[in-house]
Amino acid sequence: RRSPSRSSIESPRCERDVRYLILSDIHANIDALETVLAAAQAWDRVLVLGDLVGYGGAPNQVIDRVRALEPVAVIRGNHDKAACGLDDGSNFNQVARFAAAWTNQQLSSANRDYLRQLPMGPTEIDEQLEICHGAPFDEDHYIFDAMDAHRSLQTATRPVCLFGHTHLPVIFTISGNNLTGDIPEVEPMTISFDRSTRYLFNPGSVGQPRDGDPRAAFSIYDTEGSIDLRRVEYDVSAAQKRISSAGLPQSLANRLAIGR
Ligand code: ZN
């Protein structure tokens, strides 16, 4: 493991800075994804933190769109595993399991194969950054509290670790023994990285936000040493119509309007 002093975001670099568009938990919501891609602007490459599908009504469209972006890295989420048959969904609630089975039926064989070959996180992107779906020590673990965050910050091999899975934007930091957890209240918010601090960051969910704000959430990570947290309004009713006309549970459409 690199010590924080050696793995600084501000260390000299020979190549130009890269702006990564960070997408997490898209959940087959093509309306949210297209709006995010149009709103994000000025990004160079894409990183996807898992759960491309599940819950939403447009799984093939989302996978096709993500593949066309040629992301630097896409890691699998628990819903991706369930939708392509790598996991039987037995730990899912009834609605999620129903949606996973529906998604499995819908997937083209090429897209099913694509999901099946997605790697398990964590994935190291460069000397500063790694990504995972749940937690760096377990792809299916939910990081909710300080204990989860502390364990994750200890496990992460890079000073900045991005995760998804909870659909809740949050920033944990540790500097020395001082752990902090912050829920970003304003956006856009830019966090500039400090060389003596390690970061654990959830950008929130593109396609199914759960923090009470129905707007799509995404981030832009700049290798120069900062991350932007962003939200964008999208056509929720269009996404709801896709869910309804697919015959998916109405609760999945309803929750999009309230962001829960
Ligand atoms: Zn998810």
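The values are calculated or read from the model by the stated rules, or taken from the named source; none is laboratory data. Because the structure is a prediction, the values reported are computed rather than measured. So basically every Cβ, Gly included, is an ideal-geometry build from the backbone, and we count neighbours across all protein chains shown. Keep in mind that these areas ignore ligands, DNA and RNA; they rest on the heavy atoms of the full protein, side chains included. Shrake-Rupley method; radii C 1.70, N 1.55, O 1.52, S 1.80 Å.
Does anything in segment 134-155 have its amide N under 17 Å from the 7 Å Cα→Cβ label point of Asp194, and if so which residues? The answer is none. Neighbours of Arg45 by Cβ distance under 9 Å: Lys/Arg scored +1, Asp/Glu scored -1, total -1.
Taking all protein chains together and rolling a 1.4 Å probe, Lys241 ends up with roughly 140 Å² accessible. So what's the angle, to the nearest 10 degrees on a 0 to 90 scale, between helix 146-155 and the longest Cα principal axis of the chain? Around 70 degrees separate the two axes. Quick one: longest stretch of the chain between exposed loop GluC sites (Glu not before Pro), exposed meaning at most 12 other C-beta atoms within 10 Å and loop per DSSP? That would be 16-184.
Computed from label points 7 Å out along Cα-Cβ, the spacing between Gln250 and Leu86 is 3.5 nm. Computed as a quarter of the hull surface, the mean projected area of the alpha carbon convex hull for the chain stands at 12.7 nm².
Near Glu185: Cβ cut-off under 13 Å, other residues only, Lys/Arg at +1 and Asp/Glu at -1. The net charge is -3.
Each Cα pair under 8 Å and six or more residues apart adds its separation to the average, and for segment 44-123 the resulting relative contact order is 37 percent. Approximating the spin labels as points 7 Å out from Cα along Cα→Cβ, the Ser175-to-Ser237 distance works out to 4.7 nm. When nucleic acids and ligands are ignored and a 1.4 Å probe is applied, Asp235 ends up with an accessible area of around 80 Å². Helix 30-40 and the longest principal axis of the C-alpha atoms of the chain enclose an angle of approximately 30°. The local environment of Pro59, defined by Cβ-Cβ distances under 13 Å, has a net charge of +1 under the rule Lys, Arg +1 and Asp, Glu -1.
Of the accessible area of the chain, computed with a 1.4 Å probe over protein heavy atoms only, carbon and sulfur atoms account for 46 percent. For the chain, take the longest principal axis of its alpha carbons; what is the angle in degrees between that and the long axis of helix 59-68, to the nearest 10 within 0 to 90? The angle comes out at about 40 degrees. Heavy-atom accessible area, probed at 1.4 angstrom with all protein chains present, ranks Asp88, Asp140, Asp222, Asp80 as Asp88, Asp140, Asp222, Asp80, highest first.
Based on protein heavy atoms only, the chain ends up with 43 Å² per residue of surface accessible to a 1.4 Å probe. In a simple Cβ point-charge model (Lys, Arg +1; Asp, Glu -1; nothing else charged), segment 114-255 has a dipole of about 520 debye relative to its Cα centre. Computed with a 1.4 Å probe on the full set of protein chains, the accessible area for Ile30 sits at about 10 Å².
Under 15 Å from a point 7 Å along the Cα-to-Cβ line of Ala110: which residues of segment 49-83 have their amide N that close? Hits in segment 49-83 for Ala110 at 15 Å: 60-70.
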